[in-house]
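No value in this document is a laboratory result; all are computed from the given coordinates. Computed from a predicted structure; not experimentally measured. Ideal geometry is used to build each Cβ from the backbone, glycine not excepted, and the neighbour counts take in all protein chains shown.
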2 protein chains.
Amino acid sequence: MAKTPITVAYGDGIGPEIMDATLRIIEAAGAELETDVIEIGEKVYLAGNPAGIEPRAFESLRRTKVFLKAPITTPQGGGYKSLNVTVRKTFGLYANVRPCVSYHPFVETKHPVMDVVIVRENEEDVYGGIEYRQTGQVTQCLKLISRPGTEKIVRYAFEYARHNNRKKVTCFTKDNIMKITDGLFHKVFEEIAPEYPDIENEHWIVDIGAAKLSDTPENFDVLVLPNLYGDVLSDVAAQIAGSVGLAGSANIGSSIAMFEAIHGSAPRRAGQNLANPSGLFLGAVMMLVHTGQTEVAERAHNAWLRTMEDGVHTYDIYKEGVSKEKVGTREFADAVIARLGQKPETLKAVSYRAGEESADSASSSSTKTGTDASTNKETVGVDVYLDWNSGSADELGGAISKLSGVGLRLTSISNRGVKVWPEGHTETFCSDHWRCRFVSEQAGGGGAVTHAQIAQLLARFAEAGFDFIKTENLCDFDGKPGYSHAQE
Amino acid sequence: MAKTPITVAYGDGIGPEIMDATLRIIEAAGAELETDVIEIGEKVYLAGNPAGIEPRAFESLRRTKVFLKAPITTPQGGGYKSLNVTVRKTFGLYANVRPCVSYHPFVETKHPVMDVVIVRENEEDVYGGIEYRQTGQVTQCLKLISRPGTEKIVRYAFEYARHNNRKKVTCFTKDNIMKITDGLFHKVFEEIAPEYPDIENEHWIVDIGAAKLSDTPENFDVLVLPNLYGDVLSDVAAQIAGSVGLAGSANIGSSIAMFEAIHGSAPRRAGQNLANPSGLFLGAVMMLVHTGQTEVAERAHNAWLRTMEDGVHTYDIYKEGVSKEKVGTREFADAVIARLGQKPETLKAVSYRAGEESADSASSSSTKTGTDASTNKETVGVDVYLDWNSGSADELGGAISKLSGVGLRLTSISNRGVKVWPEGHTETFCSDHWRCRFVSEQAGGGGAVTHAQIAQLLARFAEAGFDFIKTENLCDFDGKPGYSHAQE
């Protein structure tokens with residue numbers, strides 16, 4: 001087998017020790033790697049690079065396309081960027097993959113049967129960080145969900161399930177409320193699931209799903225989640241598994257992937273041969289599967305499970321009566337190496353499906369990115385938002401009605417999603433953030449509206465002295481409205 | 001004591017039985033109530049009222065301002081509205097209050113020590129349901145967080161803590177990512193907390209907080225959460241407490257409040273004297289505290305706790321070896337009544353602070369709604385969003401640069417929150433949803449921009465044939481930018 005080039009960063013704190021232990025184990029297991037070592041973390045930050053990664057690292061990553069990364073220490077004080085955010089945004093790492101496994105009875109947990117993998121969408125949702133304060137009272141964040149972004153993550157989750165011998169993929173959304181954004185995520189899930197008839201699929205509303213996951217995680221296998229739900233629930237799942245210190249994670253892009261432990265650099269434990277290398281090691285196992293070295297991954301992972309079961313434990317999980325032998329970082333690695341070829345007896349052995357393609361390359365090659373060719377879009381109106389604090393909804397309705405014209409007519413005003421004109425409820429609290437909905441002046445509305453008409457309408461608002469703060473066009477897609485209505 | 005007028009709805013399924021049991025207990029405990037019974041639910045839906053509530057009910061609610069509501073059955077098929085959403089939106093019920101308590105060792109739970117109250121903001125966040133699809137690929141939901149909305153909910157949480165003898169209020173946000181919206185929620189929490197020096201306060205980033213809550217709920221007391229986090233985590237908390245069938249909930253508005261069980265109408269159990277009335281009963285206890293009948297609430301609640309501990313259980317929680325006596329709905333109510341005046345011996349007894357004001361009236365009287373008088377807003381630019389799918393970021397940058405003028409100048413283009421012009425990364429995937437940022441043409445930007453200039457800029461876009469889909473003004477508040485920057 002040709003050696004797989006990978007980029008390796010030893011990081012800070014306990015990083016060098018656990019990286020050493022990790023590489024020793026996987027090489028002993030037969031991994032064929034050609035490592036290119038780069039500098040990241042504290043030294044690089046303090047040398048004046050706010051991203052915490054040396055510039056030549058990007059060349060290395062573009063060449064190897066695989067990054068095994070130890071934890072780093074971010075220096076105190078402002079001005080530093082998150083290394084993970086930089087790498088994620090630069091290379092479009094769209095999937096965060098986090099297995100959350102309990103190792104009962106060898107590691108303490110309230111959930112003895114738990115083996116869940118969270119596949120979190122990692123680029124969209126409210127994490128675009130697109131925010132505005134536009135009135136004295138109201139702030140806004142844009143939540144964006146795209147079809148190509150959703151197709152990529154859902155397809156990745158199913159490919160991951162297939163390559164890792166998983167049986168089921170579960171999707172959580174809140175599409176009973178967010179029918180358009182979360183509705184798109186759910187719809188794409190339903191479209192792609194039938195392409196994987198060997199994998200079971202299901203969908204839950206996120207509140208009920210989260211309750212089930214935190215109470216009976218044994219009922220879940222692979223989960224695919226929009227960014228925010230994935231952020232919260234991957235932390236919940238790792239915590240209740242009792243395995244935060246034992247968990248690895250992958251960040252997958254269409255060309256580059258990064259593998260790491262989910263814990264930090266623990267500077268106070270550094271250099272003492274104490275740290276548990278298991279989190280980074282399990283990240284490295286995911287890397288081996290990703291690069292197609294599935295046999296090596298299986299061999300190393302099963303030896304590690306056997307070591308856990310034999311009670312050979314580092315200080316962080318050592319427990320009198322359960323553990324047999326307290327060992328240091330190096331000795332733990334030796335114990336795993338000594339067990340290569342063995343399988344666990346109580347815990348379930350892992351098996352990884354061999355294949356030419358990793359989950360990721362399958363994903364990128366078959367993802368459709370783009371609109372359906374058939375989609376026909378027509379702009380049929382515009383919502384004009386105002387900063388206004390000078391009276392009642394009825395007074396505003398009266399004044400704005402007079403701006404109708406130029407092909408557009410005011411039909412309703414709402415405040416924080418509740419209709420307040422015409423015929424609002426007296427109890428509704430109105431903030432200074434008002435939405436005025438205009439549609440085509442044609443009888444019954446429904447006609448097309450031009451961009452020139454929208455610009456003219458805004459000129460009228462400006463002339464009348466109104467502080468319009470934002471606009472949102474109303475569009476039909478294939479004759480169906482692509483916008484929600486206010487609650488009446 | 002003058003009788004408190006309340007509106008009562010017996011609902012569907014097991015509703016009439018559990019309402020009967022609930023009213024019997026609290027009246028025996030000394031509640032002074034004048035009940036006005038209204039019709040809600042299945043019959044009302046099927047009689048042609050899509051909101052599931054008879055029109056005269058609104059008059060009753062406006063008069064009594066207190067609603068004790070049994071569960072209802074929503075008929076199969078479309079066209080029906082959620083009764084709870086209708087009541088919440090009509091009357092501005094801004095707070096959802098849900099105690100999640102475990103009753104170990106009398107009811108099975110993995111979390112023996114758990115007594116958490118979730119106070120969920122109930123009107124804002126992504127639940128305004130303001131959504132748009134504006135390109136073939138991208139959908140958008142607006143997340144709105146307002147200062148008055150946040151002040152109301154945070155103040156309510158602290159008032160609730162004080163009136164219910166609670167020690168700590170915890171806030172969760174994601175303000176490391178959403179610095180403007182969640183940042184406002186966190187900031188208001190920090191502003192209001194010092195007004196309650198008798199109550200401890202703390203803040204966690206929601207992912208870490210959720211992990212702690214689901215693993216060690218014993219470390220939490222009252223939580224105040226934005227709408228989405230509250231939705232997900234109140235279901236998680238109720239589930240892991242093991243008490244979904246025993247939980248009540250309150251929905252609080254500035255003039256009207258609604259109290260209920262969190263479970264449904266369980267039509268298959270109806271009319272058999274089987275159902276557990278505890279959820280509705282605990283909702284009614286919250287109602288008594290809310291209306292100032294704290295002594296009655298305490299008496300009834302403690303007798304109920306004693307009944308639980310004495311092992312007098314309905315079928316749903318009856319367990320051989322733990323329970324002593326399996327009883328029906330009526331007998332359970334009799335058992336609680338027989339214990340009025342007694343306190344639990346193993347479980348912690350409750351105590352409610354007597355006071356003239358309920359948490360709610362205190363809240364509404366002291367809430368500042370409005371901007372700080374000092375806030376000075378200046379519009380300094382505009383983001384114009386395009387639906388465009390005809391080339392690269394550089395090509396778009398070249399074309400849009402030519403539209404600069406009328407006092408506004410293109411400074412950058414981003415796609416899904418990542419800067420792509422000038423000097424983007426080649427790896428960045430670009431959807432058909434582009435943001436073009438314009439600021440004042442003055443050297444260095446920073447100058448004021450007029451609404452007429454923005455309208456003129458859009459006219460130029462229209463003339464050049466670009467499909468602009470939305471705009472967002474860029475505003476400074478007291479000289480500080482009220483908008484985020486794209487990730488570079």
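Observations, loosely collected:
- FRET efficiency, B:E218 to B:E27 (Cβ-Cβ, R0 25 Å, nearest 0.05): 0.10
- Calculated from backbone phi, Karplus (6.51, -1.76, 1.60) coupling profile of region A:94-99 in Hz, x at Gly/Pro: 8, 10, 9, 10, 9, x
- Alpha carbon centroid spacing (whole Å) that separates region A:269-335 from region A:385-426: 64
- By other beta-carbon atoms within 10 Å, ranking B:E131, B:E195 with the fewest at the front produces B:E195, B:E131.
- Charge dipole magnitude, Cβ of K and R +1, D and E -1 - region B:17-97, Cα centre, debye nearest 20: 460
- If only the Cβ of Lys and Arg carry +1 and only the Cβ of Asp and Glu carry -1, the dipole of region A:171-242 around its Cα centre is close to 300 debye.
- Counting neighbouring Cβ atoms within 10 Å and putting the fewest first, the residues B:V113, A:V439 line up as B:V113, A:V439.
- Taking each residue as 0.36 nm, the span from A:E39 to A:E59 lengthens on full extension beyond its C-alpha to C-alpha distance by 5.9 nm.
- Taking 0.36 nm per residue of sequence separation and removing the Cα-Cα distance, the B:T375/B:H485 pair yields an extension gain of 37.4 nm.
- Tail weight of P(r) past 15 Å, computed on alpha-carbon pairs of region B:399-480, percent: 61
- Over 30 Å between alpha carbons, listed pairs A:K419/B:K402; A:K187/A:K377; A:K187/B:K81; B:K143/B:K377: A:K419/B:K402
- Taking A:E260, A:E34 and counting other C-beta atoms within 10 Å, the order from fewest to most: A:E34, A:E260
- Only one residue of A:T471, A:A70, A:S392 has its Cα farthest out toward the positive end of the dipole of chain A, where Lys and Arg carry +1 and Asp and Glu -1 on Cβ, and that residue is A:A70.
- Bridge type composition, the protein assembly as shown - antiparallel percent by DSSP, nearest 5: 65
- Spatially proximal lysines relative to B:K3 (Cα-Cα < 21 Å; intrachain offsets below 8 disregarded): B:K65, B:K69
- Residue among B:Y315, B:L274, B:M178 farthest towards the positive dipole end of chain B, charges placed on Cβ: B:L274
- Region A:1-139 shape via C-alpha gyration tensor axes, a/c threshold 1.5: oblate
- Between copies, the label points of B:E27, set 7 Å from Cα on the Cα→Cβ line, lie 8.2 nm apart, reported in increasing order to one decimal in nanometres.
- Rounded if a/c under 1.5, otherwise prolate or oblate - the protein assembly as shown, Cα gyration tensor axes: oblate
- Take the Cα radius of gyration of region B:247-333 and divide it by 2.2 N^0.38 Å, N being the number of residues; the result is 1.19.
- About the Cα centre, charge dipole magnitude for region A:143-288 (Lys/Arg +1, Asp/Glu -1 at Cβ), debye: 380
- Maximal additional length on extending the A:A47-A:E441 stretch stands at 135.6 nm, based on 0.36 nm per residue less the C-alpha distance.
- Shortest-first nm distances, A:N376 label point to equivalent points in other copies (7 Å, Cα→Cβ): 5.4
- In order along region A:316-327, the Karplus-derived 3J(HN,Hα) couplings, from 6.51 cos²θ - 1.76 cosθ + 1.60 at θ = phi - 60°, round to 5, 10, 5, 9, 3, x, 9, 6, 10, 8, 8, 10 Hz, and Gly and Pro are given as x.
- Electrostatic tally near B:L410: other residues with Cβ closer than 12 Å to its Cβ, Lys and Arg +1, Asp and Glu -1, net +3.
- Residue (of A:S243, A:Y80, A:V289) at the positive-pole extreme of chain A, dipole from beta-carbon charges: A:Y80
- Seen through its C-alpha gyration tensor, with square-root eigenvalues sorted a ≥ b ≥ c, region A:43-100 comes out oblate because a/c lies at 1.5 or above while a/b is not bigger than b/c.
- With the alpha-carbon atoms of region B:5-46 aligned to their principal axes, the span from lowest to highest coordinate is 37, 21, 6 Å, starting with the largest.
- Rounded to the nearest 5, the antiparallel percentage of DSSP beta bridges internal to chain B is 65%.
- Computed over chain B, the P(r) tail beyond 41 angstrom holds 32 percent of alpha carbon pairs.
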